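> Got a structure here, written out as structure tokens. Questions coming.
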Amino acid sequence: MSNMMEIKDLQAKIGDKKILNGLNLTLEKGKVHAIMGPNGAGKSTLSKAIVGHYDIEVLGGEILYRGENIVDKEPEERALDGIFLSFQHPVEVAGVNNAYFLRTAVNAKRRHEGKDELNAAEFLREMKKQVETLGMKPDMISRSLNEGFSGGEKKRNEILQMQMLQPDMIVLDEIDSGLDIDALRAVSEGINSMKDGERSFLVITHYSRILDYIKPDYIHVLKDGKIVHTGGPELVAQLEEEGYESLGEA
Amino acid sequence: MPQQELDKAVSGEYALGFEIDIEQDTVPPGLDENTIKFISAKKDEPKWMLELRLKAFEKWKKMTEPSWGHLEYEPIDYQSISYFSAPKQAPDSLDEVDPKILEAYKKLGIPLEEQKQLQGIAVDAVIDSVSVKTTYSEELEKHGVIFCSISDAIRDYPELVKKYMYSVVPVTDNFFAALNSAVFTDGTFVYIPKGVRCPMELSTYFRINALNTGQFERTIVIADEGSYVSYNEGCSAPTRDDNQLHAAVVELIALKDAEIKYSTIQNWYPGDENGKGGIYNFVTKRGICEENAKISWTQVETGSAITWKYPSCILKGDNSVGEFYSVAVTTLAQQADTGTKMIHIGKNTKSTIISKGISAMKGQNTYRGLVKMGAGAEGARNYSECDSLLIGDRCGAHTFPYLESKDSLGQVEHEATTSKISDEQLFYLRQRGINEEDAVSMIVHGFCKDVFKMLPMEYAVEAKALLNLTLEGSVG
Ligand SMILES: Nc1ncnc2c1ncn2[C@@H]1O[C@H](COP(=O)(O)OP(=O)(O)OP(=O)(O)O)[C@@H](O)[C@H]1O
Ligand SMILES: [Mg+2]
């Protein structure tokens, strides 16, 4: 099968408010899909629905991951099965060492896959390498998870986690927001280095800058809780020119 | 997260609830002069000690139980408690210690046999009202360090005992201290001579075993000029439906340039989630610092149905330092009212208070602290940080920081936070594949980190494991 994920007629609400109104989206294996759309359209809601966030109540429809409906699965099961979300606003966790946290996560995944756990030395070697490539400060390894990190540092830390966890379905919610030019390049290169013809990416963004780097295969427009338009990379230029108004209901 | 799941994650089983099946000598319940005479006779005490006890008893009878704590419990009937219980035939040497006791202590992780004793840690093992064994005493004697039970000290070092007992915590300090002064049974006595750095960690392990028996331990640690000691205490009790009273008094004396580091891991039986059973823990702990001296209290309180405890420092000497690092966990239906008093008397005295309260299920956690700047405490400084972490919706956290400052030159800085273990944090960790229990544990450990790092290594490991056990329900 060439699809990593198929989202069919997804209806979801947050509190009393219906946000996703019959959303359909197919994510192909090995491809980069970008989602653009106005503020409040439901992009983050979609990303959260995919990873099983507690705010979101799925009212109907399916999220098929490798052919299996995951709507009722626990968040950690989905994560262990290879779904990763880079959060729009990563949370800070005081006192929890970044390396310790990430090693726990990596080893949970390795156990799940029947692999040996990495010992502290093996893990640190790998983590240091990635920290360097991403141009992060070395003290990020031993600081508390995201605590006091700048906006850009938090985003780089998300990418670091992605690289260490090696997930298969990668959802990036505004990974590019608030990044300086160097950080944007480092983060984009981090994403590109994960492309292997198998992994799928769902990149939520408002800007074309990151898309110039990571070269999406498809652009989807999300509006009013639905995908209203799908096109190739050329759609970006049109959207930048004309905005979302020109695209009516699909 | 649904409440039941959270509860499951935080209602760890009490792993030390076993009973030691030994014959014990237990006096019938009740308290009068004869009870006190009986205790004193059992301990072969000199007359002066008995007289002090009886005086204390007279005073106690006129006092009333304090009720200002943020605590709710059935009134304690002091006549229904037995005030003395000891394993039959208190042994003189290890050969005579009942194998069942050795076995029990092994189970608690504290082997008492010569060959298997913990490296670098001397232990005083107390069961109910008596000390059953003190390890490494002879080794310590070579350094002039006295490490023995308080009963032995009363007989062998009467001058030191007379000088220091009741000197930091006077008999009438409070209701429970007065009671303890009258009926105390055993505890540990430590004296570190001038300029000696105690060559090993000292520790006492208190075990309540007998039914309906109160435990009233009394501990004195004296660090003579320029000396250093690190002392640790641990405790546990069987799982029982009845409440049992534990009312201890600890006095620390740090003379000029001396340092005492006192760590507690309190794991008395907490009772069940409906508040049935568990230890009532009413404890008075206080130390006095002479010039340049330092006392550091570190406590990890995970047990007891009720905890009422305020390890304090009287910073009498100039440039002396007091520290209080605390993690208090209340889950099930536990209640804790704990904190510290830092009394700044000398010039340039410094105190630090770091308190971390964790409440889960129906647990109620109160921080109560007093920072007092005396009139002469020029240049004195205090830093306080009191953080509370709530897990779930049925628990509570309360903070009562009091400040008395007569001297405008003293500096006090206070920070307090209360946070719920955030769903957002839990979710973040779970999205990375970490299961819910591990995620809760990771966040809680992160919260306690600043306190755990103050514990001696071996105990930090134990404290972390204990926290997992208390909060995770994963018996390890
Ligand atoms: N916890 C919540 N409670 C109530 N409404 C919410 C909650 N979270 C999101 N919403 C609402 O759902 C709608 C969709 O939000 P969502 O975050 O998915 O938008 P978005 O497309 O990601 O927007 P942006 O581009 O600004 O990030 C918004 O109207 C938002 O206010
Ligand atoms: Mg968003």
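> Taking region B:288-299 only, how many residues are part of a loop (DSSP other than H, G, I, E, B) and open to solvent by 10 Å² or more (accessible area, probe 1.4 Å)?
Total meeting the criteria: 3.
> For the condition within 25 Å of B:Ser131 (Cα to Cα) and aliphatic (A, V, I, L, M), what is the one hit in B:Ala293, B:Ala223?
Being within 25 Å of B:Ser131 (Cα to Cα) and aliphatic (A, V, I, L, M) holds for just one of B:Ala293, B:Ala223, which is B:Ala223.
> Then there is this: Going residue by residue through region A:46-69, is there one that turns out to be of a type in the set (S, T, N, Q) and within 11 Å of another protein chain (Cβ to nearest Cβ)? Give the steps one after another, and end with the answer.
So in region A:46-69, the residues of a type in the set (S, T, N, Q) come out as A:47, A:69.
Next cut, within 11 Å of another protein chain (Cβ to nearest Cβ) only: A:47.
Yes: one or more hits.
> Having 3 or more residues that are away from ligand 1 (no atom under 15 Å from the Cβ) is the bar; report the helices (runs of 4 or more DSSP H) wholly within region A:1-113 that clear it.
Numbers: elements: A:43-51, A:75-80, A:98-112.
Passing ranges, in order: A:75-80, A:98-112.
> Return the residue satisfying two criteria in turn: it lies in region B:432-455 and is in contact (Cβ under 8 Å) with a residue 60 or more places away in the chain and closer than 21 Å to A:Phe87 by Cα, and of such residues it is nearest to the other protein chains (Cβ to nearest Cβ). Don't jump to the end; show me each part of the working.
Going residue by residue through region B:432-455, those that are in contact (Cβ under 8 Å) with a residue 60 or more places away in the chain are B:436-437, B:440, B:444, B:447-448, B:450-452, B:454-455.
Okay, now just the ones that are also closer than 21 Å to A:Phe87 by Cα, so B:436, B:440.
Values: B:Glu436: 7, B:Val440: 12 Å.
Among those that are in contact (Cβ under 8 Å) with a residue 60 or more places away in the chain and closer than 21 Å to A:Phe87 by Cα, it is B:Glu436.
> Within region B:226-249, track down each residue that is part of a loop (DSSP other than H, G, I, E, B), at pLDDT below 95 and open to solvent by 10 Å² or more (accessible area, probe 1.4 Å).
Correct list: B:Thr239, B:Arg240, B:Asp241, B:Asp242.
> Okay, next question. Being within 16 Å of ligand 2 (Cβ to nearest atom) and modelled with pLDDT of 95 or more narrows it down to one of A:Leu64, A:Leu85, so name that one.
Working: A:Leu64 fails: within 16 Å of ligand 2 (Cβ to nearest atom).
Answer to the check: A:Leu85.
> Of all helices (runs of 4 or more DSSP H) completely enclosed by region B:127-209, which ones contain at least 3 residues that are assigned by TED's automatic domain parsing to the domain that holds B:Leu54 and touching a residue at least 40 places away in the same chain (Cβ under 8 Å)? Quick ask: steps written out before the conclusion?
Numbers: elements: B:137-141, B:150-156, B:158-164, B:175-183.
Passing ranges, in order: B:150-156, B:158-164, B:175-183.
Residues are listed down the side, and each one gets a yes or a no for (1) touching a Pro at 6+ places or on another chain (Cβ under 6 Å); (2) among the β-branched types (Val, Ile, Thr); (3) modelled with pLDDT of 95 or more:
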residue: A:Met162; (1), (2), (3): no, no, yes
residue: A:Ile181; (1), (2), (3): no, yes, no
residue: A:Phe201; (1), (2), (3): no, no, yes
residue: A:Ile204; (1), (2), (3): no, yes, yes
residue: A:Gln238; (1), (2), (3): no, no, no
residue: A:Tyr244; (1), (2), (3): yes, no, no
residue: A:Glu249; (1), (2), (3): no, no, no
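> Now for a separate question. Given A:Phe149, A:Phe87, A:Phe123, A:Phe101, which one is over 17 Å from the mean Cα position of the chain (by Cα), at the interface with chain B (Cβ under 10 Å from one of its Cβ atoms), among the aromatic types (Phe, Trp, Tyr) and crowded, with 18+ Cβ neighbours inside 10 Å? Reasoning before the result, please.
Working: A:Phe149 fails: at the interface with chain B (Cβ under 10 Å from one of its Cβ atoms); A:Phe87 fails: over 17 Å from the mean Cα position of the chain (by Cα); A:Phe123 fails: at the interface with chain B (Cβ under 10 Å from one of its Cβ atoms).
Exactly one residue qualifies, and that residue is A:Phe101.
> Continuing with the same structure: Filter region A:160-183 down to residues that are away from chain B (no Cβ under 12 Å) and under 14 Å from A:Gln88 (Cβ atoms) and give me whichever is most open to solvent (accessible area, probe 1.4 Å).
In this case the residue turns out to be A:Gly178.
> Can you tell me which residue is farthest from ligand 2 (Cβ to nearest atom) among those in region A:8-44 that are farther than 20 Å from A:Lys195 by Cβ and of a type in the set (Gly, Ala, Ser)?
A:Gly22
> Here's something else I'd like to know. In region B:322-347, which residues are within 30 Å of B:Gly379 (Cβ to Cβ), of a type in the set (Val, Ile, Thr) and surrounded by 21 or more Cβ atoms within 10 Å (Cβ to Cβ)? So that I can check it myself, show each step before the final result.
Our first condition is that a residue be within 30 Å of B:Gly379 (Cβ to Cβ); within region B:322-347, this holds for B:322-326, B:338-347.
This time we only want the ones that are of a type in the set (Val, Ile, Thr), so: B:338, B:340, B:343, B:345.
Passing the criteria: B:Thr338, B:Thr340, B:Ile343.
> Another question about this same structure. Can you confirm whether region B:257-268 contains a residue that is touching a residue at least 24 places away in the same chain (Cβ under 8 Å), farther than 19 Å from B:Ser82 by Cα, in a loop (DSSP other than H, G, I, E, B) and among the hydrophobic types (A, V, I, L, M, F, W, C)? Spell out the reasoning first.
Restricting attention to region B:257-268, the residues satisfying the condition of being touching a residue at least 24 places away in the same chain (Cβ under 8 Å) are B:257-268.
Those left that are additionally farther than 19 Å from B:Ser82 by Cα: B:257-267.
Checking which are in a loop (DSSP other than H, G, I, E, B) leaves us with B:257-258, B:267.
Those still in the list that are among the hydrophobic types (A, V, I, L, M, F, W, C) too: B:258.
Taking every residue of region B:257-268 in turn, at least one turns out to be touching a residue at least 24 places away in the same chain (Cβ under 8 Å), farther than 19 Å from B:Ser82 by Cα, in a loop (DSSP other than H, G, I, E, B) and among the hydrophobic types (A, V, I, L, M, F, W, C).
> Now a separate question. Residue by residue through region B:270-287, note down the ones that are assigned to a loop (DSSP other than H, G, I, E, B) and more than 21 Å from B:Pro311 (Cα to Cα).
Selection gives B:Gly271, B:Asp272, B:Glu273, B:Asn274, B:Gly275, B:Lys276, B:Gly277.
> Moving on. Every residue in region B:204-225 that is open to solvent by 10 Å² or more (accessible area, probe 1.4 Å) and among the hydroxyl-bearing types (Ser, Thr, Tyr), please.
Result: B:Tyr205, single match.
The values are calculated or read from the model by the stated rules, or taken from the named source; none is laboratory data. A quick note: this is a predicted structure, and the numbers were derived from the prediction, not measured. All Cβ positions, even for glycine, are placed from backbone atoms using ideal geometry, and neighbour counts span all protein chains on display. Calculation scope for accessible area: heavy atoms of the full protein, side chains included, ligands and nucleic acids excluded. Shrake-Rupley method; radii C 1.70, N 1.55, O 1.52, S 1.80 Å.
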